[in-house]
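Chemist: Got a structure here, written out as structure tokens. Questions coming.
Read-outs: derived from the displayed coordinates by stated rules, not from any lab. Note that the structure is predicted; figures quoted are calculated from it, not measured. Please note: Cβ atoms are built from the backbone with ideal geometry, for glycine as well, and neighbour counts cover all protein chains shown.
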Amino acid sequence: MVSPEHIRQEIQRSVSRITGLPAERILDGSTYRDDLGLDSLSMLEMTVDMQYAFKVKIPDERLPEIVTVGDSVRLVKELVAAKD
């Protein structure tokens, strides 16, 4: 099983690559739009990164749930657990 910490690190790595921000500034409570400055295209790129890294499919109807880094960690954890 994939740990929440591993999921968090992968998401931080992806957001850091997209935004240029250092990974340590990307916190669970950080909002993608307001705190990290991601637009819809950047959000799509990050979603694709998560799907590729964890071999899961994030349903389109679940995308509005992803507001913060913590939301991403929870959703990926749930999808990975459902896959196992």
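Chemist: Return one number: the angle in degrees, 0 to 90 and rounded to the nearest 10, between the long axis of the Cα atoms of helix 69-83 and the longest principal axis of the Cα atoms of the chain.
Modeler: It is inclined by approximately 20 degrees.
Chemist: Determine, from the Cβ-Cβ distance of Ala82 and Met43 and an R0 of 25 Å, the FRET efficiency 1/(1 + (r/R0)^6), rounded to the nearest 0.05. Let's see the in-between values first.
Modeler: On the way: r = 22 Å, r/R0 = 0.89.
About 0.65, to the nearest 0.05.
Chemist: Summing +1 for each Lys or Arg and -1 for each Asp or Glu, what net charge is found among the other residues whose Cβ lies under 13 Å from the Cβ of Leu21? Kindly include the intermediate steps, with their values, before the conclusion.
Modeler: Details: positive: Arg13, Arg17, Arg25; negative: Glu24, Asp35.
In short, +1.
Chemist: Working from Cα positions, state the angle (0 to 90°, nearest 10) between the long axis of helix 4-19 and the longest principal axis of the chain.
Modeler: 40 degrees
Chemist: Let me ask something else about it. Each residue of region 41-57 in order: what ³J(HN,Hα) in whole Hz does its phi give by Karplus 6.51 cos²θ - 1.76 cosθ + 1.60, θ = phi - 60°, with x for Gly and Pro?
Modeler: Using θ = phi - 60°, the values come out as 5, 5, 5, 5, 4, 5, 4, 4, 4, 5, 4, 5, 5, 10, 6, 10, 10 Hz.
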